[in-house]
Amino acid sequence: LVLLSMARPPQQHTEKLLEKLRERVPGLVLRTTFISGFPGESEQAHRNVVEFAERIGFERMGAFAYSEEEGTPAAEMPEQIDGEIRQQRRDELSALAQQMAEAYADSRVGTEIDVLIDSVGAMPLMDGETEEDALADGVGDGVVAVARSMSEAPDIDPVIFVESSADPSVPPLEAGQLRRVRITGRVVTELEAELVA
């Protein structure tokens, strides 16, 4: 009923469509955002949203708490949900989104992908480390690029940090390049990668 009151299609329709897309599009990255605490949302309706999100396994997911906007039909609806409950439900969905984003990042470690180099700069130093120490560690020439693949939206999603290569035959990193990388690790949901080509 909540979806109907929001003028959204029934959940079964959406779920069938997403299942078809997963079957037909290899490497599909699904993104969604949920509203928590829309007027009339029962605890069971919230549980259904959580279970739906877990079943689908969105790679990119967000959640926000509903807020009344003056002059909108929803602001005039009965059964407004207490603000604290809205926040709790949003927090639960946000925690699930974080878990799914980390699992997605883990699934990419060891894969090779093409990335777009957005920017290039000096590699940040660890606490107490000098530039000489970093270069002696054999990590390229101390240059790191910020990149994204077709799975990352600019300015929204985690980024991919690409280390420059110590191999002089590998062309240097430049903004605007498309480069092949191997994902070597993750820090929370940000990825680390090395150049392949």
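The values are calculated or read from the model by the stated rules, or taken from the named source; none is laboratory data. Quantities reported herein were computed from a predicted structural model and do not represent experimental measurements. In case anyone asks, the SASA skips ligands and DNA or RNA and just uses the protein heavy atoms, side chains included. Shrake-Rupley method; radii C 1.70, N 1.55, O 1.52, S 1.80 Å.
Protein heavy-atom surface of the chain, 1.4 angstrom probe: 54% of the accessible area is carbon and sulfur, with nucleic acids and ligands not counted.
For the residues SER149, SER36, SER107, a GNM of the chain with alpha-carbon springs under 10 Å puts the largest fluctuation on SER107. Calculated accessible area for the chain comes out at 60 Å² per residue, all protein chains present (probe 1.4 Å; ligands, DNA, RNA ignored). Taking 0.36 nm per residue of sequence separation and removing the Cα-Cα distance, the VAL25/GLU112 pair yields an extension gain of 29.5 nm.
Every helix of 4 or more DSSP H residues in the chain counts as -39500 (n - 2.57), and over all residues that averages to -10500 deg cm²/dmol at 222 nm. Among THR111, THR184, THR72, the largest mean-square fluctuation in a Gaussian network model of the chain, built with springs joining Cα atoms closer than 10 Å, belongs to THR72.
Rounded to whole numbers, the Karplus 3J(HN,Hα) couplings from phi for region 28-41 are 4, 10, 9, 10, 8, 9, 10, 9, 9, x, 4, x, x, 6 Hz, using 6.51 cos²θ - 1.76 cosθ + 1.60 with θ = phi - 60°, and x at Gly and Pro.
By its C-alpha gyration tensor, with a ≥ b ≥ c as the square roots of the eigenvalues, how is region 31-71 shaped: rounded for a/c under 1.5, else prolate for a/b larger than b/c, else oblate? Oblate is the answer for region 31-71, as a/c is 1.5 or above yet b/c matches or exceeds a/b. Computed from Cα atoms alone, the Kirkwood hydrodynamic radius reported for the chain is 19.6 Å.
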